[in-house]
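First the structure, in the form of C-alpha cells, and then the observations on it.
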Amino acid sequence: ETAALLAHKLMLKYNIERVSKTLPTGYDVKHLGEPSGRVFESDRILSMILGKYFFVEVIWISVYRPREGKRKSVLEICGTPENLMMAEYVHAFLRSTAERLWLEHKRDTKTDSNRDKQRYVSGVMAGFGDKLAEQMRSVKSEGLVWVRDNDLVHYLRQRHPYIRHVRHAGNTRNEAFSEGREAGKRIVLHRPVSTGPKGPIRLLRR
C-alpha cells in the first residue's frame with residue numbers, strides 16, 4: 001500500500017512539473033476495450049477513475065463496426081505516451097480484477113446466478129475510486145495538487161469539437177454493490193512492467 005501510494009505521488013509530481021514547465025508535449029490517443037452496444041455503469045466509473053487520477057482525458061465515442069453494420073461505443077483516452085500506457089494498464093488490471101473478485105464472491109456466497117454481477121462490479125470500481133480519493137487527500141496535505149493540463153484539454157477539443165455531457169442513472173444499490181465496494185477498497189494496484197533498451201522498466205512498485 002505504501003509503495004503504491006509513493007508511486008502515484010511520483011507520477012503526480014512528474015505531471016505537475018511537466019505542466020508547470022510548459023515543456024513541448026506530444027499527445028496521442030488510445031481506444032480501450034472492445035466497442036460495445038451498451039456502456040455499463042462499471043465502465044463509466046472506471047473511465048472517471050482514469051480521467052480523475054491518471055492524467056488522461058477520457059471520452060466515450062461512437063464508432064462504426066462494418067462487419068456488424070452497427071455503431072457502438074468505445075472509450076477513448078488522450079494523453080502523453082507514458083500516461084496512456086499507465087491508463088491502459090490500469091483499465092485492464094481493474095477489469096480483470098473485478099471479474100476475479102466477482103467469481104470469488106459467487107463461490108463464497110454459493111450462488112450460480114449472474115443477476116447481481118453488474119451491481120457488484122460497479123461497487124468494486126466505486127470502492128477503488130474511494131480508495132484513490134482517500135490517497136489523494138493525503139497527497140494534497142503535502143501540497144501536491146493536480147490541475148488539468150490545458151494543452152491536453154485543447155487537444156481533446158480539437159479532436160471532438162462537439163461534446164455532449166450525458167447524465168446516467170446508476171444501478172439500484174443493494175447488498176451486492178456494497179460488498180463489491182468493500183472489495184474494491186482492498187485492491188492493490190500491482191506494478192506494470194515494460195521493456196526498454198536496457199531491460200525491464202518497472203513503472204509502478206508493488
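The values are calculated or read from the model by the stated rules, or taken from the named source; none is laboratory data. From a predicted model like this one, the values you see are computed outputs, not experimental measurements. Cβ: placed from backbone, ideal geometry, glycine included. Neighbour counts: every protein chain shown. Note: accessible area is taken over every heavy atom of the protein model, side chains too, but ligands, DNA and RNA are not part of it. Shrake-Rupley method; radii C 1.70, N 1.55, O 1.52, S 1.80 Å.
Points to keep in mind about this one:
- Condition met for GLU34 (more than 30 Å from GLN118 (Cα to Cα), of a type in the set (Asp, Glu) and not in a loop (DSSP other than H, G, I, E, B)): no
- For segment 60-87, the tally of residues that are open to solvent by less than 40 Å² (accessible area, probe 1.4 Å) and outside any strand (DSSP E or B) stands at 5.
- Filter result for the condition that a residue is closer than 30 Å to GLU142 by Cβ, of a type outside the set (A, V, I, L, M) and more than 15 Å from the chain's Cα centre (by Cα), over LYS72, LYS9: LYS9
- Check on ARG115, within 19 Å of the chain's Cα centre (by Cα), open to solvent by 70 Å² or more (accessible area, probe 1.4 Å) and closer than 29 Å to SER178 by Cα: no
- Selection from segment 131-173 of residues that are farther than 30 Å from ALA4 by Cβ, open to solvent by 100 Å² or more (accessible area, probe 1.4 Å) and in contact (Cβ under 8 Å) with a residue 12 or more places away in the chain: ARG159
- Hey, LYS52 part of a helix (DSSP H, G or I), open to solvent by 60 Å² or more (accessible area, probe 1.4 Å) and either touching a residue at least 40 places away in the same chain (Cβ under 8 Å) or not β-branched (Val, Ile, Thr) (or both) or not: yes
- Qualifying residue in segment 139-154 (condition: over 30 Å from SER20 (Cβ atoms) and among the acidic types (Asp, Glu)): no
Rundown of residues vs (1) under 18 Å from ILE187 (Cβ atoms); (2) out of contact with any strand residue (DSSP E or B) (no Cβ under 7 Å at 6 or more places or on another chain), yes/no style:
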residue: THR109; (1), (2): no, yes
residue: SER113; (1), (2): no, yes
residue: GLY123; (1), (2): yes, yes
residue: ALA126; (1), (2): yes, yes
residue: LYS140; (1), (2): no, yes
residue: VAL153; (1), (2): no, no
residue: VAL166; (1), (2): no, yes
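- Here the condition is being crowded, with 20+ Cβ neighbours inside 10 Å and of a type in the set (A, V, I, L, M, F, W, C); of PHE40, PHE128, PHE93, it holds for PHE128 alone.
- Single condition GLY196 does not satisfy, out of (1) modelled with pLDDT under 85; (2) open to solvent by less than 30 Å² (accessible area, probe 1.4 Å); (3) in contact with a His (Cβ under 9 Å, 6 or more places away or on another chain): (3)
- Selected residue (criterion: modelled with the lowest pLDDT) from residues of segment 112-164 that are among the polar types (S, T, N, Q) and not in a helix (DSSP H, G or I): SER141
- Residues of segment 13-31 that are part of a strand (DSSP E or B) and either open to solvent by 90 Å² or more (accessible area, probe 1.4 Å) or farther than 24 Å from MET136 by Cβ (or both): ASP28, VAL29, HIS31.
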